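Trainee: Provided herewith is a single structure, encoded as structure tokens, for subsequent inquiry.
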Amino acid sequence: MDPQSGDGTLATASTATRVHVLGAGPVGLLLTALLQPMSGLSVRLYEKRREYTRTRMVRLAAYLAADSVEAYRADHFDGDNVEAVFDPEELAEGLAFRQSIPSDLMALLRRWSQGFCPLNTIERSLSDLIDARDAHPVQRIAAALTAEDAIAMLEPGDVLIDCTGSRSLLRDHLVPGSGDANGDANTLSFVFEHALVVTFLYGQTYVCNEYCKYYKNVENPRYKFIPMVHRVCDDGTVSHVTGIVSVSAEEYEAMPKQFDGEWLRGNFPNVAQSMDRFIDKIKQETHGELVGDLEVIRIPLNLYRARNATSRQYRGAGAGDHPFATTPVFLAGDSAIGSPYFQSISLGFECVMFLAGLIAQRDRDASQDMLDRYESYIYKQWLRVYMQSKMIKNNKDLFESLDEPIALLDKMHIY
Ligand SMILES: Cc1cc2nc3c(=O)[nH]c(=O)nc-3n(C[C@H](O)[C@H](O)[C@H](O)COP(=O)(O)OP(=O)(O)OC[C@H]3O[C@@H](n4cnc5c(N)ncnc54)[C@H](O)[C@@H]3O)c2cc1C
């Protein structure tokens, strides 16, 4: 459905708390769907896109649908990080909130966390679910907002949540005095690497496993294609394969955002050869052929966070007449934290579940307390994803040097 097709009249608009959700990507949509049934709220969802067209396949973490602490911590590495960072009471509170999620929404989360699916399927399903709930209409506003628009529309008592993605509308406006001058005023960012995300279809069943990463790359000293094992799937006749190849910053700059195998062969033959060798090894094993060409997009794999994920600085500074001094503002999803190895939607979903829980308790909590609790939660999620991403990057670095013992030893930090 068209992202802007919904239109609601707000029956209780005069008394309800107005919640402005900026951005109807996956995270803004989930947040809206969580807030929608809550009494005393009137939710306004702002989006600039006319259609959901992003077909890339995404995978959500199994922990999103967990119904026990054990299930939440099932991933070997992430589970330990979670135990190290979160108190047992916090985990219990998070699980209790999950159990209160309406069954229509929970069913979707369960389905998506079992495999992987197109991003626009997630967006459309959430959007349709929101539009179908007649009892609690959401007002949908088609607009490409500016930060000034967002600030100007605020009234006393409102809540503002920025879900506008990695180029967040408000992230760098949350520090008094920084305004629009410095693009990094409120952002801590680590560039881990530059990569090509390569996707191709293969006309046979290809069962990918961890060993493929090594032995199909043995003759590739550079530009190893690392398939994402859990994203390789097949429908019985065609396998869908996605993986990444690291490139230098200079190579990255010299490439367009999106291209195909033919462009790669013409412009970066060494990278293309490496891909072709990997695919040839699949062919030798399974006697299939590539279906169509490679689809390639270049992305910087960086890990970042908003140093302030709320308007606490304005409130703390008592910045009198600025609306952020009295209106609680929150960043969620890629607006608040971005992670390099494809965990961001799950992280964003996790954060909006917590935020929805805070908003549900808003009568009990003063705004300052809400801001503090959200900041603390976001910081813990940041530690969690930081530890996991560093581990993945370190493992990738070691992998690149597996056949060179000296280089390998150089990268290992044992004591
Ligand atoms: C190739 C690739 C593969 C990926 N795979 C995965 C994966 O497997 N798992 C995973 O978890 N993540 C994955 N990701 C990351 C994931 O796609 C993002 O983390 C996710 O889309 C972020 O969701 P969001 O809602 O926070 O932001 P976005 O998806 O960026 O949505 C922001 C929304 O806000 C709207 N908006 C922005 N500015 C304005 C404005 N000024 N006014 C009005 N509307 C505005 C935008 O139009 C958009 O709809 C992948 C990313 C890439 C590039």
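The values are calculated or read from the model by the stated rules, or taken from the named source; none is laboratory data. Remember, predicted model here, so these are calculated numbers, not experimental data. A quick note on method: Cβ atoms are made from the backbone with ideal geometry, for glycine too, and the neighbour counts reach across all protein chains shown. Just so you know, the surface numbers come from the protein's heavy atoms only, side chains and all, with ligands and any DNA or RNA stripped out. Shrake-Rupley method; radii C 1.70, N 1.55, O 1.52, S 1.80 Å.
Trainee: Name the residues in the stretch 373-415 that are crowded, with 16+ Cβ neighbours inside 10 Å and of a type in the set (D, E), would you?
Mentor: E375, D397, E400
Trainee: Something else now. So, D67, is that one in a helix (DSSP H, G or I), charged (D, E, K, R) and touching a Lys or Arg at 6+ places or on another chain (Cβ under 8 Å) or not?
Mentor: no
Trainee: Separate question: Being within 16 Å of the ligand (Cβ to nearest atom) and not charged (D, E, K, R): is that true of L95 here?
Mentor: When the stated conditions are applied, L95 does not pass them.
Trainee: Now, a different point. Tell me which strands (runs of 3 or more DSSP E) are completely within the stretch 236-312 and hold 2 or more residues being open to solvent by 50 Å² or more (accessible area, probe 1.4 Å), or say none if there are none.
Mentor: By residue number, 258-260, 290-306.
Trainee: Select, from G94, G115, the only residue that is under 30 Å from D172 (Cβ atoms), at pLDDT below 95 and of a type outside the set (D, E, K, R).
Mentor: Result: G94 is the single residue among G94, G115 that is under 30 Å from D172 (Cβ atoms), at pLDDT below 95 and of a type outside the set (D, E, K, R).
Trainee: Right, here's the next one. So is T121 closer than 30 Å to H287 by Cβ and surrounded by 15 or more Cβ atoms within 10 Å (Cβ to Cβ) or not?
Mentor: no
Trainee: Among residues belonging to the stretch 39-62 that are within 9 Å of the ligand (Cβ to nearest atom) and over 17 Å from the mean Cα position of the chain (by Cα), point out the one that is farthest from V296 (Cα to Cα).
Mentor: Going through the qualifying residues, I end up with Y46.
Trainee: Is there any pair linking a residue in the stretch 135-150 that is near the ligand (Cβ under 9 Å from one of its atoms) to one that is open to solvent by 60 Å² or more (accessible area, probe 1.4 Å), with Cβ under 6 Å and at least six apart or on different chains, and which?
Mentor: Within 6 Å, the pairs are A144/K48.
Trainee: In the stretch 84-117, which residues are over 21 Å from A16 (Cβ atoms), outside any helix (DSSP H, G or I) and open to solvent by 40 Å² or more (accessible area, probe 1.4 Å)?
Mentor: D87, Q114
Trainee: Can you run down the residue pairs with Cβ atoms below 7 Å, 6 or more apart or on separate chains, where the first is in the stretch 208-229 and under 15 Å from T242 (Cα atoms) and the partner is surrounded by 14 or more Cβ atoms within 10 Å (Cβ to Cβ) and among the acidic types (D, E)?
Mentor: K224/E400
Trainee: Quick one: which of L160, L169, L154 is surrounded by 14 or more Cβ atoms within 10 Å (Cβ to Cβ) and assigned to a strand (DSSP E or B)?
Mentor: Just one listed residue meets the conditions, L160.
Trainee: Of the residues A107, A71, only one is away from the ligand (no atom under 16 Å from the Cβ), aliphatic (A, V, I, L, M) and over 22 Å from Q381 (Cα atoms); which?
Mentor: A107
Trainee: Just checking, how many residues over the stretch 217-235 are open to solvent by 20 Å² or more (accessible area, probe 1.4 Å) and either at pLDDT below 90 or not hydrophobic (A, V, I, L, M, F, W, C) (or both)?
Mentor: Residues meeting the conditions: 12.
Trainee: Contact list please: Cβ distance under 9 Å, first residue in the stretch 322-337 and closer than 13 Å to I151 by Cα and in a helix (DSSP H, G or I), second residue away from the ligand (no atom under 16 Å from the Cβ) and of a type in the set (A, V, I, L, M, F, W, C), pairs at least six apart or on different chains.
Mentor: A325/A317; A325/A319
Trainee: Next question. Return the residues of the stretch 132-144 that are open to solvent by 40 Å² or more (accessible area, probe 1.4 Å), touching a strand residue (DSSP E or B) at 6+ places or on another chain (Cβ under 9 Å) and not in a loop (DSSP other than H, G, I, E, B); say none if nothing qualifies.
Mentor: Of everything in the stretch 132-144, those that are open to solvent by 40 Å² or more (accessible area, probe 1.4 Å), touching a strand residue (DSSP E or B) at 6+ places or on another chain (Cβ under 9 Å) and not in a loop (DSSP other than H, G, I, E, B) turn out to be Q139, I141, A142.
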